[in-house]
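Only the coordinates and a few stated rules stand behind these numbers; no lab work does. Not measured: the values here are computed from a predicted model. Positions of Cβ are generated from backbone atoms using ideal geometry, with glycine treated the same way; all protein chains shown enter the neighbour counts.
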Amino acid sequence: MTLPSKSPAQTYVATFDEFVRLADYSLMDNLNADPDAKSGGDDHLARQVFSGHFVPVAPTPLAEPEYVTHSSTFFNELGLSDELALNEEFRLVFSGDISAARAPMRQVGWATGYALSIYGTEYVQQCPFGTGNGYGDGRAISVFEAVFNGQRWEMQLKGGGQTPYCRGADGRAVLRSSVREFLAQEYMHALKVPTSRSLTLYVSKSETVTRPWYSQGSCSNDPDILVDNPVAISTRVAPSFLRVGQLELFARRVRSNAHPRALEELHMIVAHLIEREYKNDIDQKLDFAEQLVELAKLFRQRLTSLVANWLRVGYCQGNFNSDNCAAGGFTLDYGPFGFCEIFDTEFQPWTGGGKHFSFFNQPVAAEANFHMFWTAVRPLLAKDTAKETEDDGEALEQFDQVRRGFAEEMQNQIQKMWATKLGLAEFNPQLFKTLLELMTRSEVDYTIFFRELSHIPDDVSVLKKSFYVKTSQALDEQWQSWLDNWRELVNSDKDLSGVSAKMKQANPKYTWREWLIVPAYQQASQGDYSLVKELQEVLSYPYDEQSKEVEEKYYRLKPKEFFNAGGVSHYSCSS
């Protein structure tokens with residue numbers, strides 16, 4: 001097992017000069033800057049932003065930045081040399097010192113505002129001004145945009161310091177949350193789940209911030225101590241960081257007649273979304289109204305497929321508000337996320353999340369976010385009913401029909417996913433219902449159970465290595481009956497080895513286990529990054545059989561001491 005080798009035929013960007021020459025700032029060049037922004041990017045105090053698509057702002061450099069790690073996999077995909085991560089100027093820029101940039105790269109980044117909706121209800125009280133005009137990227141600052149191998153990518157510093165949207169906070173991210181996000185993004189990519197990506201991770205050798213967290217051995221629901229944490233900056237990368245909440249912000253401005261150009265700016269941000277995320281799927285020759293219908297169809301398909309994939313791999317977003325929902329239809333914002341170990345439909349790692357953002361409720365949360373997307377974009381189709389043409393009316397009806405069909409599309413995607421996960425040609429409702437009941441009663445480990453099932457065993461004893469509780473004879477008999485029924489359906493396919501191989505590509509062997517991640521960021525805070533890099537390697541190949549040593553360490557049930565452990569089984573959003 002080795003990281004992907006570089007193709008000798010490909011030319012790799014090896015110097016900082018070569019890297020900066022790739023700069024191509026489509027967002028700053030094509031959208032409106034906040035007219036009240038301060039010059040030179042010196043805009044670090046919380047304030048209301050009334051118009052414009054972005055605020056130019058310079059990040060705050062880390063004090064004494066030190067390299068922790070980078071994603072060799074992603075560097076290779078971008079055509080960047082691994083040595084670039086250790087380049088002094090590259091390190092300065094991606095640890096927040098953008099003064100090291102030179103033309104055509106700019107010595108200023110940008111932050112964006114967005115609105116917040118939770119389950120379709122609009123909120124403004126999270127904004128310190130009570131207006132919604134101060135909510136947005138409080139510590140995320142994009143610093144670079146370029147086209148690599150035909151694909152546009154935006155690079156954003158998480159923990160890059162204060163912006164006008166900082167809401168009184170310090171704009172920093174701690175090493176703990178930075179390690180988690182860095183590892184999680186690349187793990188999700190390896191799982192074949194659409195996601196933002198990780199580029200680099202740097203930590204300050206001298207700067208710390210105080211955050212509430214959990215004491216050793218604490219079973220408290222909420223953090224019970226204050227901890228000094230090393231400050232870090234991770235660079236996350238995506239085709240864009242446009243969110244549903246961002247579209248909502250502009251739609252709210254239209255609705256409230258916030259300024260004369262409100263409708264124009266809504267049109268601009270939606271057109272930019274199509275350009276950045278859907279350019280290859282939407283015919284640019286179509287009328288804009290027809291493009292919006294296609295946009296709704298494509299976003300619905302991506303979002304429903306994404307959430308089905310989350311369920312497949314056991315992922316729970318934890319806080320799936322509209323501002324955490326990427327309009328490009330991929331996983332974004334790894335805050336209070338977690339992966340289900342003991343199977344529980346109501347699994348929720350975030351203490352503030354509640355059941356509405358729990359594991360099996362994610363399809364409902366996704367529909368609420370899609371509804372807010374539909375609500376935000378719809379004014380562009382219904383902007384002037386008095387002058388509406390027959391074609392405009394037809395486009396509006398088609399747009400509304402896409403919204404009405406969301407629940408059915410979501411159900412289709414989920415049923416298709418469960419059929420694939422179970423190695424079946426089609427979804428069997430009764431078989432699935434019985435399985436969920438048995439999994440819940442036996443407290444199975446979600447990942448180990450489905451991986452063992454992928455071997456297509458004929459006896460329930462094989463599956464018991466995934467059980468957290470001792471089962472009764474009666475329960476064992478129910479399991480055996482289910483297994484026999486399932487095997488009968490699977491056996492309709494003569495090629496069982498082929499079915500098993502396909503199931504193993506849907507059911508990973510190695511999952512994210514928080515109790516194995518905690519030691520990595522704890523050691524990293526002491527300057528030892530070896531476990532972070534070990535996890536990078538293991539999580540890069542989640543479907544593969546790995547060494548015996550890896551299997552013994554990473555393919556096992558959660559030890560009892562981590563049940564109900566603060567910071568492991570549950571955690572606050574503090575980061």
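Whole-Hz Karplus ³J(HN,Hα) for the stretch 533-544, in order, using 6.51 cos²θ - 1.76 cosθ + 1.60 and θ = phi - 60°, x for Gly and Pro?
Once θ is set to phi - 60°, the couplings for the stretch 533-544 become 6, 5, 5, 3, 5, 5, 6, 6, 9, x, 8, 8 Hz.
Which order, highest average first, do 174-185, 402-413, 342-353 follow once you tally other Cβ atoms within 10 Å for each residue and take the mean per peptide?
Per-residue Cβ counts within 10 Å, averaged per peptide and sorted highest first, yield 174-185, 342-353, 402-413.
Can you tell me the alpha carbon radius of gyration of the stretch 426-492 divided by the globular rule-of-thumb value 2.2 N^0.38 Å?
1.02
Using just the helices of the chain, give the 222 nm mean residue ellipticity in deg cm²/dmol: DSSP H runs with n ≥ 4 each add -39,500 (n - 2.57), and the total is spread over all residues, rounded to 500.
One gets -12000 deg cm²/dmol as the mean residue ellipticity at 222 nm.
What is the gain in length, in nm to one decimal, between D24 and F563 on full extension, counting 0.36 nm per residue of separation less the C-alpha to C-alpha distance?
Gain in length upon complete extension: 189.2 nm.
On C-alpha positions alone, give me the angle between the axis of helix 473-490 and the longest principal axis of the chain, in degrees, nearest 10.
70
With the convex hull built on the Cα atoms of the stretch 260-357, state its orientation-averaged projected area in nm².
8.0
List the residues whose amide H sits under 5 Å from the amide H of N229, counting only those 5 or more places along or on another chain, with H placed 1.01 Å from N in the peptide plane.
Amide H to amide H, under 5 Å and 5 or more residues apart or across chains, N229 pairs with V209, T210, R211.
For a quick protection proxy, order the peptides 295-302, 62-69, 196-203, 99-106 by their average other-Cβ count within 10 Å, most packed first.
Values: 295-302: 20.8, 62-69: 18.5, 196-203: 25.6, 99-106: 15.8.
Averaged packing, sorted descending, gives the order 196-203, 295-302, 62-69, 99-106.
Between Q526 and A382, what length in nm is gained on full extension when 0.36 nm per residue of separation is reduced by their alpha carbon distance?
46.1 nm
What is the spin-label model distance, in nm, from D281 to N485 if the labels are put 7 Å beyond Cα along the C-beta direction?
Output for this residue pair reads 3.6 nm.
Between D495 and Q301, what is the label-point separation in nm under the 7 Å Cα-to-beta-carbon projection?
Placing both labels 7 Å along Cα→Cβ, they lie 2.6 nm apart.
Which three lengths, in whole Å and largest first, does the stretch 55-153 cover when its Cα atoms are put on their principal axes?
47, 30, 28
Quick one: if the Förster radius is 41 Å, what FRET efficiency do Y543 and S39 give, using the C-beta to C-beta distance and rounding to 0.05?
My answer for the efficiency is 0.20.
Kirkwood hydrodynamic radius of the stretch 450-575 from all distinct Cα pairs, in Å?
It works out to 17.2 Å.
Using 0.36 nm per residue of separation minus the Cα-Cα distance, give me the extension gain between K416 and S472 in nm, one decimal.
Gain on extension, K416 to S472, equals 16.9 nm.
Considering the Cα trace of the stretch 92-215, what is its radius of gyration and what is Dmax, both in angstroms?
Cα radius of gyration and Dmax of the stretch 92-215 are 16.3, 48 Å respectively.
Using only the alpha-carbon atoms, how far is helix 362-377 inclined from the longest principal axis of the chain? Give it as 0 to 90 degrees, nearest 10.
20
So what's the convex hull volume per residue for the Cα atoms of the stretch 98-159, in Å³?
127
Can you quote the Å³ per residue value for the convex hull of the Cα atoms in the stretch 248-415, rounded to an integer?
Details: hull volume 20.8 nm³, N = 168.
About 124 Å³ per residue, rounded to a whole number.
Which ³J(HN,Hα) values in Hz, rounded to whole numbers, follow from the phi angles of the stretch 310-318 under the Karplus curve 6.51 cos²θ - 1.76 cosθ + 1.60, where θ = phi - 60° and Gly and Pro get x?
Values per residue, Gly and Pro as x: 4, 5, 4, 9, x, 7, 10, 5, x Hz.
Each residue of the stretch 269-276 in order: what ³J(HN,Hα) in whole Hz does its phi give by Karplus 6.51 cos²θ - 1.76 cosθ + 1.60, θ = phi - 60°, with x for Gly and Pro?
Values per residue, Gly and Pro as x: 5, 6, 4, 5, 4, 4, 5, 7 Hz.
Hey, what did the chain get for relative contact order, percent, Cα under 8 Å, at least 6 apart?
Working: 1123 pairs, mean separation 82.5, N = 575.
Computed value for the chain: 14 percent relative contact order.
Can you give me the C-alpha center-to-center distance between the stretch 216-291 and the stretch 299-368, rounded to a whole angstrom?
Distance between centres, Cα-based: 17 Å.
Between helix 175-190 and the chain, what is the angle of the helix's C-alpha long axis to the longest principal axis, kept within 0 to 90° and rounded to the nearest 10?
Once rounded, one gets 70 degrees.
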